[in-house]
Amino acid sequence: MATFKELGVSAQFLKALEENQINTPTEIQQQAIPFLLENGTDFIGQAQTGTGKTAAFGLPLLQKVNPDNPVIQALILCPTRELGQQIAKQLFRFTKYCDQRIFCEAVYGGEKIDLQIARLKRPTHIVVATPGRLIDLLERKAIKLDQVNTIVLDEADEMLSMGFKPSIDKILEFTKKGDRSIWLFSATIPHALNEIISTYMDKDAHRITVQKHQLVNENIQHQYMVVHLKDKIDLLCRFLKENQNARGIVFCRTKKNADLLSKQLFARNFKVDTIHGDLGQRDREKVMRGFKSERIQTLIATDISARGIDVNNLNYVIHYDLPDQLEYYTHRSGRTARAGKKGISLAFVSPNEINRIEEIEESLNIQIRKFD
């Protein structure tokens, strides 16, 4: 297996990788990094979240930036502010030992746009943005993308499922088609994404796919429990009591369910809080501070709101409601068993949902055992 040095990563980034305990390249990193460093042309990488995509595109992007030119040279589009913040933070960590500073700015909804406009007046080499906020900035003429030579579309299928296709079209039309490359990373390639690929990317764009058996972290123990609706809350409470020193995330399908469950658990003296799309940025950050500092033991979350949550040492993920889409199962489960640790992914299923468990097993090539 190749090392990051053998993949072509510059020595100034290797020390930061080691310091962040990123020692062995993942499959997508091994395939993407050499190509993006050497060619940097249009690229499509199909892989689930949690497979190391940020380093796969981030390291080549940082290495291609000219620090002496204080203009925006690269744009990373992603679906949520949490993921945008996480990507910007990761890039900042990678540059800790660089000879020259590389400046990265994250812009997203939920924060005062005037603050972001002020920050963009400083030297900025890379912008990480959610599509809606970037459109706002473009319409105000508060950001210049005329020198951008690389655009990364991260979690591209998720951006489309959240209704961002018109914004993505507008942003890609805005940048010079002949002078930029698009690096697209996505778990799935739905029809709408193929439209973007055929419209804006080279027909010979380099493609790689991480095989399904590599998509699910092998350190996750997958289990399910057959639960009648009226018994769900009691069984969840029993699990939390038996694992009172552990920390994790409980996923609900809807914001209404997440709020209700949080109130029920709080009434039973569990240290919980909720994160979903209706929370303002200040409230979201307050919840995440509480979770990271361990004042909150269990986070109740919806699928979209949890994208980009990166908290170490989570012991479990509970699918209180099974997800609507198959890939959400992988996204949810990937919150646990990070950095070589082990974790549990436990699904609550009603008697008539057993076939869904079989579908997940077959599609992801995993075994989901009945909870003891």
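The values are calculated or read from the model by the stated rules, or taken from the named source; none is laboratory data. Everything numeric in this text was worked out from a predicted model, so none of it was measured. As a convention, Cβ positions derive from the backbone with ideal geometry for all residues, glycine included, and neighbour counts pool all protein chains shown.
Key figures for this structure:
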| read-out | value |
| --- | --- |
| Selected residue (criterion: modelled with the highest pLDDT) from residues of region 156-175 that are under 19 Å from the mean Cα position of the chain (by Cα) and under 25 Å from residue 141 (Cβ atoms) | 168 |
| Test for residue 36: is it touching a helix residue (DSSP H, G or I) at 6+ places or on another chain (Cβ under 7 Å) and in contact (Cβ under 8 Å) with a residue 60 or more places away in the chain | yes |
| Subset of region 24-46 (residues that are part of a strand (DSSP E or B) and at pLDDT 95 or above) | 43, 44, 45 |
| Residues being more than 24 Å from residue 241 (Cα to Cα) and either among the charged types (D, E, K, R) or not assigned by TED's automatic domain parsing to the domain that holds residue 336 (or both) - total across region 265-309 | 8 |
| Boolean, residue 253 is in a helix (DSSP H, G or I) and under 29 Å from residue 108 (Cβ atoms) | no |
| Selection count, region 248-280, where residues are under 20 Å from residue 344 (Cα atoms) and either of a type in the set (Val, Ile, Thr) or more than 20 Å from the chain's Cα centre (by Cα) (or both) | 5 |
